[in-house]
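Participant: Here you go, one structure.
The values are calculated or read from the model by the stated rules, or taken from the named source; none is laboratory data. Keep in mind it's a predicted model, so treat the numbers as computed, not measured. Cβ coordinates were reconstructed from backbone atoms using ideal geometry, including for glycine residues, and neighbour counts include every protein chain displayed. When the accessible area is computed, the model is the full protein with side chains, heavy atoms only, and any ligands, DNA or RNA have been set aside. Shrake-Rupley method; radii C 1.70, N 1.55, O 1.52, S 1.80 Å.
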Amino acid sequence: MTNNPHHESAIQHVTGEAVYVADMLPTGQTLRGRVVYSPHAHARIVSYDLSEALKVEGVHDILDCKRIPGDNQLSVVNLDELCLADGVVHCVGQAMFLIAAETDEIAFEAEKLIRVEYELLDPILTIDEAMARGNRLEPPRRIEIGNVDDALKRCKHVLSGELKTGAQEHWYLETQAAVCVPGEDGEMTVYASSQSPTETQMVVAGVLGLPAHKVVCEVRRMGGGFGGKETQGNHVAAWAALLANATRKPVLLSLFRDDDQKITGKRHPFQSIYTIGFDDEGRIEAYMVDLHADVGIAADLSMAVLERAMFHAENAYYIPNVRITGHTWKTNLPSNTAFRGFGGPQGMAVIENAMDRVARYLKMDAAQVRFKNFYGIETRNETPYGQMVENNRLFTIWERIIASGNYFERRKEVENYNRSHTLYKRGLALTPVKFGISFTTSFLNQAGALVLIYRDGTVLVNHGGTEMGQGLHTKIRQIAALELGVPLEWVRINATNTSKVPNTSPTAASSGTDLNGMAVKNAVDKLKERLSPCAKMMLNEVCGSQTEGDITFKDGQVFFTHEPTHRVGFVELVKRAYIERISLHATGYYSTPGIQFDKDRGKGTPFHYFAFGMAIAEVEVDTLTGRSKTLRVDIVHDVGDSINPQIDMGQVTGAFIQGMGWCTTETIKRGSSGELLNHSPDTYKIPGIGDTPEIFNVELLPLAPNPKAIRKSKAVGEPPFMLSFAVWLAIKDAISAVGNHEQEPDFQLPANCEVVLLSMEKLKGNG
Amino acid sequence: MINGTTLRFLQDGRVVEIDFAGSAMRPSTTVLNYLRSLPHHRGTKEGCAEGDCGACTVVLGEPGENGRIRYKAVDSCMLFLASIHGKQLITIENLAQRKGSETILHPVQRALVVEHASQCGFCTPGIAMSLFAFYKSGMEPTRENIVDTLSGNLCRCTGYQSIIRAAQELCSHREPDHFDANESHTLELLRQIDSQSESMQFVHPGQTYFLPKSLEQALRIKFENPGVHVVNGSTDVAIRQNKRHEYLPAILDISAIGRLKGISREGKGHYVGAGTSIEALKEFAASSFPALSPALGVFASKQIRNMATIGGNLCTASPIGDLIPMMFALGAKFEVIGANGKRWVEAEDFFEGYRRNCLKSDELLKGIFIPEIDENVLIFSEKVSNRRDLDIATVSLCGAIRRDGQGVITDIILAYGGMAATVKRAGHVEQFLLGKKLTVQTVDEARQLIARDFNPISDARAGNDYRLAVAGNLLMRMVE
């Protein structure tokens, strides 16, 4: 069990005892909050009347932007996102008014009585429209190495093209929610579903006009986050806080699913244009790509998302001449935001699609072309931004997966199948992932912890990370128990709370365990150092000796490292230490060393290390309907020395299936006025259990310690998301089989039934 | 005629009684909202309020045919509180047992913990309840059965592999649980609360809810209250209530009428009562009517099939109703009963427009007669949707082709869903194929005519061009 303890909340999950925000029952009357949002993408608010709605029995208050006591601002980065609309609405879903009522039903009735007169303005709804009007968020960014213009002139083969990748709805099972409880002297306690408690605290303090020390944010757990609650969880918290402040009563604001889908931002859709130059062998000499991101109405995290897309534009391939240009375009759509992979998937999709195209053009196997271009171990290992790829695991993984996935045999089988079948076609693809670990916004790479030992020997760990299902608290608990040498059961992880650990970074960028684990270790190290003299004293009392030496903490006991036979219990030690007036709590802190990036030069060492993985997918496509079925998936993924292999397996399979959803069925469609057409799971289809491959072999790369992170582990949250490109490109391979691989098929992401069928129809000459 | 106004059901081992006259609850309040209004039942989660995610899954226990309790997983977000009259409501809080300070997990819960099958935990109670019903059903833990059990439960974290392992592990060695130990007591309680109530009428200041036990009573209520809204599984109207806060003033729930349920052999075919659940129809199809199976295999989810009925699916008269094209192709006849007696309506005449059927205000659909399929008739059906399971059809087709000894088509029905405001036959294509033999070339030519029959909409599911292409392509299945 010590290696693979179950999720620290598993018992609470399965019994229904686990408390989520909407399950909380603060004392006294809790009001329900409701946000009234814009139905228009762009409009001037000519007038509005709240008076009838305010008369509804059970309505306690309705707020507009004039009632905000502090700043009318939700953004902590660019200050470009109003909390409540002021005169103009800029996207469908923009918050305008807030209602506090005794029940959801009363709030809904009141909303119907709010009269608003709009003057419609011309919206920008697509990247193309934004380009036509020059509506940039910020000037383009660039990362460059070698001389791409010269190289392209020299290349024997040059291909150019465009790729569109779609938005993705997070579809966390628990919608955005917050409970705010007002206290004395203006205090506000926020129980949030937020990946970023400190930012939630700061945003709430900002709208209420309070100093930070009067606002406490607590996060017990989220029912899923995936990036969707990195900034946008703040919004709901701010709205609930305004209502709680106005009514001086606790307010629960939990978004209805359809509202959540309409209001919140998605994964950024990208439109990318590339030119790739290569030789007869498929070696890539030059790659030029323009990544165009649709950021929506506000900056949110878009510049960081764009940066990560740029950092991953070459994925696992060494290319000597590269120019990556990133563009951000503002549209009248809800602000797009963080989503697992954070731009990485959008950047990588382009090169992976181009690699596939190069292979088809040269009539070579696509996996072989990829292999030829992998980053080298000692040479050919400089990234376009100047960081060296160290501890490269690509070749180790390649060897394992080619063998375990039986790739080349199956390539022949797929070809044979396609020769003898016309209505169904099969496809096979192998894709690699190299993913940089660290926040690319360098200052975020810090974490704090507060470890408390009580007089009975039990330990309460506070740290700055939040639990959204990824198992962070479980791993932290393991780390604390192992470092302190006590049984797992003696350690509990507290709800994340800004009054225990301040100035937390968001739990994001796959870095939760790396950063917070180190901070907890730092605190535990301090405690052990303080307890050691007391331990020596007690051990010497037991033995009647005057020995010196290092103390080992293990199995709930302490002993001289050189003499394990005589031991003192940890509990006895703690009791004695208290009597001896030794402090039993300590803070811990960690900041990732050696990372920096110069945005202007496009050079630096933005990442502490890289994570690697590879996947092989085989699919079958129905040529009559465009429907695809994933038959088999093989994954080998590098997680270093896993702290908890079962949790890491869960992250790999979960990320992969989530990525597969983005690549296949998850299509965001908008109407001609910018309204979201698929605003519920009725029409927005995330993968169900039946969509998972029947054969699904996942291996964590063995014997691969990572020297850079806590207990030689490796971050795992995001990288496997992009392994799903194997499914996406296997679908393309199957489409291509319709035209005997003679032509490059029309393709985009997601490859939903519609995209696949229309592409095949074109190859058949029907399109 | 009405002899009960107090709702009674079993929960937490006790009889719960609700008198709606003085209650904040309406009869049509969903079971989910009822549970979440209680202090200690918030384990049941709302994920979507439209039956698409299963986070709200609970299990209903009812006396089964073999003297045992039959457990059915249902979506509590679409279940009207009044409709659980006389049943046992089992929620996530009921699975584990408390012995002093110790919690003894149910085998379902233990398996989920051991296999690391919860991550964020929000979908977990619903998954546990679906698995609980599966555990009690005795079904084999094959992949097919596990997918069938859980296609109505979305999980965004795990990728489902750990959940599949838990289901396999759990159901490979079933053991009696505390529900078995309490079964006779539970059955006795269920008998008590059901015998106290013949037909029920629940009255709330804003809503009257009729729950009759007999068809005659239902017809009388319908006659006396022409505006009353008929529900059976409530899977359609509950969503409107959840999303638009539309509360019906008068509801006639016909789900307690035993006579409307069941499938019987009659003459040269089968009679299916309108109140037969889709799940029961699916079981019947698997054993005795394979032509129906493809459509039922991809019909919604287990939870919805347990609630929804064939009458509800047909009377909703949606252009994408899964069973309607099948009724056209099979030449089903609909038995309609009203104040003036019975009448039979051909399937094609039953549907008059977009979500509009031919029932008069005093009438109910009693059942359908499905004739046997002739040996020389080929039936084929397909539903095309973005996701295989728990999705609504983008396009569906059910066809019936009669051929003579030479293979020449003498009769043909091609009924399409999702291509027009109602389910509609492809008249031009049918005419073209009539008198011809089925060859790849003929069907390929026929395919070109589809645009003469339909001009479908573009919507959130697909565009006009995709619908037309697929509608044509599906004809190729005839020559596959």
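Participant: Rg/Rh for the stretch B:292-381 to two decimals, with Rh computed the Kirkwood way over all alpha-carbon pairs.
Facilitator: In the stretch B:292-381, Rg relative to Rh is 0.97.
Participant: Something else now. Give the average over all directions of the projected area of the C-alpha convex hull of the stretch A:344-461, one decimal, in nm².
Facilitator: With the hull built on Cα positions only, its mean projection is 13.6 nm².
Participant: A further question follows. What distance in nm separates the two pseudo spin-label positions at A:THR422 and A:GLN29, each 7 Å out from Cα along the beta-carbon direction?
Facilitator: With each label point 7 Å from Cα toward Cβ, the separation is 7.4 nm.
Participant: Using the Karplus curve 6.51 cos²θ - 1.76 cosθ + 1.60 with θ = phi - 60°, work out ³J(HN,Hα) for each residue of the stretch B:467-477 in order, rounded to whole Hz, and write x for Gly and Pro.
Facilitator: Listing the rounded values in order: 4, 5, 4, 5, 4, x, 4, 4, 4, 5, 4 Hz.
Participant: Further, regarding this structure: May I ask you to order B:322-332, A:11-21 by the average number of other C-beta atoms within 10 Å around their residues, highest value first?
Facilitator: Taking the mean over residues of other Cβ atoms within 10 Å, the ranking is B:322-332, A:11-21.
Participant: Next up: Pull up all non-local amide H partners of A:SER713: gap of 5 or more, or a different chain, and H-to-H distance under 5 Å with H placed in the peptide plane.
Facilitator: Those lying under 5 Å, H to H, from A:SER713 are A:ASP641, A:ASN706.
Participant: Taking the square root of 5 times each eigenvalue of the Cα gyration tensor, what semi-axes in Å does the equivalent ellipsoid of the stretch A:208-293 have, largest first?
Facilitator: Working: eigenvalues 418, 44, 31 Å².
Rounded to whole Å, the semi-axes are 46, 15, 12.
Participant: Sticking with this structure for a sec: Which order do the peptides B:76-86, A:471-481 come out in when sorted by mean C-beta neighbours inside 10 angstrom, highest first?
Facilitator: B:76-86, A:471-481
Participant: From the P(r) of chain B, can you give the percent of Cα pairs sitting at distances over 27 Å?
Facilitator: 58 percent
Participant: Evaluate E = 1/(1 + (r/R0)^6) for A:HIS566 and B:SER361, where r is the Cβ-Cβ distance and R0 equals 60 Å; express this FRET efficiency to the nearest 0.05.
Facilitator: 0.10
Participant: Something else about it: For chain A, what does -39500 (n - 2.57) per DSSP helix run (n ≥ 4), summed and divided by total residues, give at 222 nm, in deg cm²/dmol to the nearest 500?
Facilitator: Details: 19 runs with 229 residues, N = 767.
Taking each H run of at least 4 residues, the total per residue is -9500 deg cm²/dmol.
Participant: Same structure again: Counting Lys and Arg as +1 and Asp and Glu as -1, what is the net charge of the other residues whose Cβ lies under 12 Å from the Cβ of A:ARG141?
Facilitator: With Lys, Arg at +1 and Asp, Glu at -1, the net is 0.
Participant: Taking the Cα centroid of the stretch A:121-142 and of the stretch A:678-706, what is the distance between the two, rounded to the nearest whole Å?
Facilitator: Between the Cα centres of the stretch A:121-142 and the stretch A:678-706 lies a distance of 34 Å.
Participant: Taking the Cα-to-Cβ direction at B:ARG452 and at B:ASN340 and moving 7 Å from each Cα, how far apart do the two end points lie in nm?
Facilitator: Distance between the two pseudo-spin positions: 4.0 nm.
Participant: In peptide B:40-50, how many Cβ atoms from other protein chains are near each Cβ within 10 Å, on average?
Facilitator: 6
Participant: I'd like the antiparallel share, as a percent to the nearest 5, of DSSP beta bridges with both residues in chain A.
Facilitator: 80 percent
Participant: Averaged across B:97-109, how many Cβ atoms of other chains sit within 10 Å of each residue's Cβ atom? Numbers along the way, then the final one.
Facilitator: Details: counts 0, 1, 0, 0, 0, 0, 3, 0, 4, 2, 0, 1, 6.
Other-chain Cβ atoms within 10 Å of each residue's Cβ, averaged: 1.
Participant: Tell me which DSSP H helices of chain A clear both cut-offs, 24 Å or more of axial length from alpha-carbon atoms and a mean Kyte-Doolittle hydropathy of at least -1.0.
Facilitator: A:344-362, A:512-543, A:645-663
Participant: A further question on this structure: Rounded to the nearest 500, what is chain B's calculated 222 nm mean residue ellipticity when only DSSP H runs of at least 4 contribute -39500 (n - 2.57) each, over all residues?
Facilitator: Mean residue ellipticity at 222 nm (helix-derived): -8500 deg cm²/dmol.
Participant: Let me ask another. Rounded to the nearest 0.05, what FRET efficiency do A:LYS526 and B:SER293 give with R0 = 60 Å and r taken as the Cβ-Cβ distance? Could you check? Please list the in-between numbers first.
Facilitator: Working: r = 66 Å, r/R0 = 1.10.
Between A:LYS526 and B:SER293 the formula returns 0.35.
Participant: Can you grab the distance from the C-alpha centre of the stretch B:1-79 to the C-alpha centre of the stretch A:577-597, Å, no decimals?
Facilitator: Here the two parts' Cα centres lie 51 Å apart.
Participant: ³J(HN,Hα) across the stretch B:99-113 via Karplus (A = 6.51, B = -1.76, C = 1.60, θ = phi - 60°), whole Hz, x for Gly/Pro?
Facilitator: Running phi through 6.51 cos²θ - 1.76 cosθ + 1.60 with θ = phi - 60° gives 10, x, 8, 8, 10, 9, 6, 5, x, 4, 5, 4, 5, 5, 5 Hz.
Participant: Would you mind giving the mean number of other chain beta-carbons within 10 Å of the Cβ of each residue in B:467-473, as a whole number? It would help to have the intermediate numbers written out before the result.
Facilitator: Values: counts 1, 0, 10, 9, 0, 3, 10.
Whole-number average of other-chain Cβ neighbours for B:467-473 is 5.
Participant: Further question: Looking at the stretch A:610-767 only, what percent of DSSP beta bridges run antiparallel? Nearest 5 please.
Facilitator: In the stretch A:610-767, DSSP labels about 65 percent of beta bridges as antiparallel.
Participant: May I pose another question? Among B:LYS45/B:LYS87; A:LYS330/A:LYS425; A:LYS55/B:LYS243; A:LYS363/A:LYS685; A:LYS434/B:LYS302, which pairs are too far apart, with a Cα-Cα distance over 31 Å?
Facilitator: Distance filter (> 31 Å) returns A:LYS330/A:LYS425; A:LYS363/A:LYS685; A:LYS434/B:LYS302.
Participant: Let me ask something else about it. With a 1.4 Å probe, what is the total accessible area buried between chains A and B, in Å² rounded to the nearest 100? It would help to have the intermediate numbers written out before the result.
Facilitator: On the way: alone 29050 and 20910 Å², together 43710 Å².
So the buried area, both faces added, is about 6300 Å².
Participant: Next up: Can you give the extra length, in nm with one decimal, that the chain gains between B:GLU144 and B:GLU175 once fully stretched, where that is 0.36 nm per residue apart less the Cα-Cα distance?
Facilitator: Additional length available on full extension: 8.9 nm.
Participant: Give me the three principal axis extents of the stretch A:327-411 from the C-alpha atoms, as integers in angstrom, largest value leading.
Facilitator: Principal-axis extents of the stretch A:327-411 (Cα, largest first): 50, 30, 25 Å.
Participant: How would you classify the stretch A:396-467 from its alpha-carbon gyration tensor, with a ≥ b ≥ c the square roots of the eigenvalues: rounded for a/c under 1.5, else prolate if a/b is greater than b/c, otherwise oblate? List each step's numbers first, then the result.
Facilitator: Working: a/c = 3.83, a/b = 2.97, b/c = 1.29.
In terms of gyration-tensor shape, prolate.
Participant: Leaving out ligands, DNA and RNA, and with a 1.4 Å probe, what % of the accessible surface on the stretch B:261-479 is carbon or sulfur?
Facilitator: 50 percent
Participant: Read phi for every residue in the stretch B:306-321 and hand back ³J(HN,Hα) as whole Hz from Karplus 6.51 cos²θ - 1.76 cosθ + 1.60, θ = phi - 60°, with x for Gly and Pro.
Facilitator: 5, 9, 5, 10, 5, x, x, 4, 7, 5, 4, 6, 6, x, 10, x
Participant: Per Stokes-Einstein, at 25 °C and 0.890 mPa s, what whole-number D in µm² s⁻¹ belongs to the stretch B:441-480, with the Kirkwood radius over Cα pairs as the hydrodynamic radius?
Facilitator: The estimated diffusion coefficient comes to 233 µm²/s.
Participant: In a Debye calculation with equal point scatterers on the alpha-carbon sites of the stretch B:107-176 and no solvent, what is log10 I(q)/I(0) at q = 0.22 Å⁻¹?
Facilitator: -0.86
Participant: Subtract the Cα-Cα distance of B:PHE223 and B:ARG14 from 0.36 nm times their separation in residues, and report this length gain in nm to one decimal.
Facilitator: 71.6 nm
Participant: Cross-link candidates for A:LYS214: which aspartates and glutamates have Cα within less than 20 Å, leaving aside residues fewer than 8 places away along the same chain?
Facilitator: A:ASP71, A:GLU184, A:ASP185, A:GLU187, A:GLU199
Participant: Calculate, in nm to one decimal, what A:ASP746 and A:ASN381 gain on full extension: separation in residues at 0.36 nm each, minus their alpha carbon distance.
Facilitator: 128.1 nm
Participant: Take the Cα coordinates of the stretch B:261-479, assign each an equal point scatterer, and use the Debye formula without solvent to give log10 I(q)/I(0) at q = 0.11, 0.14, 0.16 Å⁻¹.
Facilitator: With no solvent term, the Cα-only Debye profile gives -0.52, -0.86, -1.11.
Participant: Then there is this: Between A:GLU162 and A:ASP365, what is the label-to-label distance in nm when each label sits 7 Å out along the Cα-to-Cβ direction?
Facilitator: Each label point lies 7 Å from its Cα, and together they span 3.5 nm.
Participant: For the stretch A:458-546, state what percent of all Cα-Cα pairs lands in each successive 5 Å bin, counting from 0 Å until the bin that includes the largest distance.
Facilitator: 3, 14, 22, 21, 16, 9, 6, 5, 3, 2, 0
Participant: In the stretch A:50-101, what GluC sites (Glu not before Pro) fall in a loop by DSSP, with at most 12 other Cβ atoms inside 10 Å?
Facilitator: A:GLU57
Participant: A further question on this structure: If packing is taken as the average count of other Cβ atoms within 10 Å, what order do B:218-229, A:483-494 fall into, highest mean first?
Facilitator: Ranked from most to least packed, the peptides come out as A:483-494, B:218-229.
Participant: Quick one, what does Rg over Rh come out to for the stretch B:409-480 if you take C-alpha atoms and the Kirkwood Rh? It would help to have the intermediate numbers written out before the result.
Facilitator: Values: Rg = 12.0 Å, Rh = 12.4 Å.
Rg/Rh: 0.97.
Participant: Hey, another quick one. Kirkwood Rh and Cα-based Rg: tell me the resulting Rg over Rh for the protein assembly as shown, rounded to two decimals. Don't skip to the answer; put the middle values down first.
Facilitator: Numbers: Rg = 31.4 Å, Rh = 32.3 Å.
Ratio value, two decimals: 0.97.
Participant: Something else now. Give the average over all directions of the projected area of the C-alpha convex hull of the stretch A:625-767, one decimal, in nm².
Facilitator: 11.4 nm²
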